[in-house]
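Asks: Sharing a structure here in structure tokens format.
The values are calculated or read from the model by the stated rules, or taken from the named source; none is laboratory data. Just so we're clear, the structure is a prediction, and the values are computed from it rather than from any experiment. Note: ideal-geometry Cβ built from the backbone for every residue, glycine included; neighbour counts use all protein chains shown. Each accessible area value is taken on the protein alone, full model and side chains, heavy atoms only, with ligands, DNA and RNA left out. Shrake-Rupley method; radii C 1.70, N 1.55, O 1.52, S 1.80 Å.
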Amino acid sequence: MQLRGCGTALVTPFTQDGVVDETALRNLVAWQVESGIDFLIPCGTTGETPTLTHDEWLRVIDVTIEVAAGRIPIVAGATSNSTQEAVARAKEVAARSGVNAILTASPYYNKPTQEGQYRHFRAIAEAVDKPLVLYNVPGRTGANLEPATLARLAEVPNIAAVKEASGNMSQIADVLNAVPETFLVFSGDDALTLPVISLGGVGIISVASNEIPAEMTRLVQAALAGDFVEARRLHFQYLSLMDINFVESNPIPVKAALAEMGLLQPVWRLPLVAPKPENLARIRAVLESLNLAERVHVARSN
């Protein structure tokens, strides 16, 4: 699978009435593509997918496909902690010609063993003909996908990649040492993009690129080209944004930032709520320090 670089884990915008804001979504996708992003991931964690209805989940994916219009790959999120449901969801998105790959996370809440995770992901892979990007995020799922298990899964023909969001660099190094060179390892944390690429990773599935798609893409491309001087410069320039995006649970801060930038309404679905006032002030301060709010408002007025 020819997937590398910076991919945006897209937010899902809502109107003040709480329904999916298709106009804002279309504008976001168009801006991402025009900014040079390498690929898009609708309906991941950042997209508040657990609160979307089945029809909304498919609609967000379909709108993303429609606006992207084949210009960049689409990696559609399809996760469930029921293997039967995860297989069904993967089949639904795999049937869409505009979906290039499927992102699917470890089962959450039921805390499967390593063998349970292996069989779960293998069952999904055997049910579809699109490449799978596995998603290891133990802080959310309660189940860590260990390097030895990932090495076994890498032998399954259409399991092509992993988004590694354990935050454990020692584990990520073990993963890169354990899997074949053809298996793709993406950082799942913006702030760890450079160390992951330096060890052999191929990019980032990013939250920050919702706000700075062009800049995150340049950072990743510089690192992949071996220009770590430029990559480090961009990393440190935007590190405050990467950090503030997790001052509260993702995607609360990034949606607050995008609202400040005029790109969507500040609306979340319960159980997510608006950030605390003191954290919103910190988010605004970071945006102002990077001239991000001003940049977008100027662009929208021209």
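Asks: Taking SER170 and the conditions (1) in contact (Cβ under 8 Å) with a residue 12 or more places away in the chain; (2) more than 21 Å from GLY47 (Cβ to Cβ), which numbered condition does it fall short on, given that it satisfies the others?
Replies: (1)
Asks: Further, regarding this structure: Among GLU85, GLU66, GLU34, which is the only one that is open to solvent by 10 Å² or more (accessible area, probe 1.4 Å), under 21 Å from GLY203 (Cβ atoms) and more than 17 Å from the chain's Cα centre (by Cα)?
Replies: GLU34
Asks: What is the residue count in segment 203-221 for residues that are touching a residue at least 60 places away in the same chain (Cβ under 8 Å), open to solvent by less than 20 Å² (accessible area, probe 1.4 Å) and either outside any loop (DSSP other than H, G, I, E, B) or over 22 Å from LEU258 (Cα atoms) (or both)?
Replies: Residues meeting the conditions: 11.
Asks: Sticking with this one: Only one of LYS276, LYS255 is modelled with pLDDT of 95 or more, of a type in the set (D, E, K, R) and either within 19 Å of THR193 (Cβ to Cβ) or within 23 Å of the chain's Cα centre (by Cα) (or both). Can you tell me which?
Replies: LYS255
Asks: In addition: Give all pairs with beta carbons closer than 6 Å in which a residue from segment 67-78 that is of a type in the set (Lys, Arg) meets a residue that is open to solvent by 10 Å² or more (accessible area, probe 1.4 Å); count only pairs at least 6 apart in sequence or on separate chains.
Replies: Qualifying pairs under 6 Å: ARG71/VAL33.
Asks: Would you mind finding the one in GLY200, GLY116, GLY142 that is among the small types (Gly, Ala, Ser), open to solvent by 10 Å² or more (accessible area, probe 1.4 Å) and farther than 19 Å from THR83 by Cβ?
Replies: The conditions single out GLY200.
Asks: Here's another thing I want to ask about it. Identify all residues within segment 13-41 that are out of contact with any Pro (no Cβ under 9 Å at 6 or more places or on another chain) and in a strand (DSSP E or B); write none if there are none.
Replies: Across segment 13-41, the qualifying residues are PHE14, ILE41.
Asks: State all residues of segment 44-61 that are part of a helix (DSSP H, G or I) and open to solvent by less than 50 Å² (accessible area, probe 1.4 Å); if no residue qualifies, say none.
Replies: THR45, THR46, GLY47, THR49, THR51, GLU56, TRP57, LEU58, VAL60, ILE61
Asks: If we keep just the residues of segment 140-168 that are of a type in the set (A, V, I, L, M, F, W, C) and over 20 Å from the mean Cα position of the chain (by Cα), which is nearest to PHE183 (Cα to Cα)?
Replies: Among those that are of a type in the set (A, V, I, L, M, F, W, C) and over 20 Å from the mean Cα position of the chain (by Cα), it is ALA154.
Asks: Of everything in segment 1-23 that's touching a Ser or Thr at 6+ places or on another chain (Cβ under 8 Å) and of a type in the set (A, V, I, L, M, F, W, C), which residue is farthest from LEU184 (Cα to Cα)?
Replies: If we take residues in segment 1-23 being touching a Ser or Thr at 6+ places or on another chain (Cβ under 8 Å) and of a type in the set (A, V, I, L, M, F, W, C), then VAL20 is farthest from LEU184 (Cα to Cα).
Asks: Taking VAL207 as the residue in question, decide whether it is closer than 25 Å to PRO138 by Cα and in contact with a Pro (Cβ under 6 Å, 6 or more places away or on another chain).
Replies: no
Asks: Where residues in segment 222-265 are assigned to a helix (DSSP H, G or I), of a type in the set (Val, Ile, Thr) and free of Cβ contacts under 8 Å to residues at least 40 places away in the same chain, which of them is surrounded by the most Cβ atoms within 10 Å (Cβ to Cβ)?
Replies: ILE252
Asks: OK, next. If you check ALA151 against the conditions, is it without any contact (Cβ under 8 Å) to a residue 60 or more places away in the chain, open to solvent by 10 Å² or more (accessible area, probe 1.4 Å) and in contact with a Pro (Cβ under 9 Å, 6 or more places away or on another chain)?
Replies: It is true that ALA151 is without any contact (Cβ under 8 Å) to a residue 60 or more places away in the chain, open to solvent by 10 Å² or more (accessible area, probe 1.4 Å) and in contact with a Pro (Cβ under 9 Å, 6 or more places away or on another chain).
Asks: Is it the case that segment 68-89 has a residue that's assigned to a helix (DSSP H, G or I), basic (Lys, Arg) and in contact with a His (Cβ under 9 Å, 6 or more places away or on another chain)?
Replies: Checked against the condition, which is being assigned to a helix (DSSP H, G or I), basic (Lys, Arg) and in contact with a His (Cβ under 9 Å, 6 or more places away or on another chain), segment 68-89 yields at least one hit.
Asks: Working only within segment 69-82, note down all residues that are open to solvent by 10 Å² or more (accessible area, probe 1.4 Å) and hydrophobic (A, V, I, L, M, F, W, C).
Replies: Passing the criteria: ALA69, ILE72.
Asks: Out of segment 3-31, which residues are in contact with a strand residue (DSSP E or B) (Cβ under 7 Å, 6 or more places away or on another chain), open to solvent by 10 Å² or more (accessible area, probe 1.4 Å) and either on the phi > 0 side of the Ramachandran plot or not aliphatic (A, V, I, L, M) (or both)?
Replies: Answer for segment 3-31, where residues must be in contact with a strand residue (DSSP E or B) (Cβ under 7 Å, 6 or more places away or on another chain), open to solvent by 10 Å² or more (accessible area, probe 1.4 Å) and either on the phi > 0 side of the Ramachandran plot or not aliphatic (A, V, I, L, M) (or both): ARG4, ASP21.
Asks: Exactly one condition in (1) among the aromatic types (Phe, Trp, Tyr); (2) open to solvent by 10 Å² or more (accessible area, probe 1.4 Å); (3) within 13 Å of the chain's Cα centre (by Cα) is not met by PHE39; state its number.
Replies: (2)
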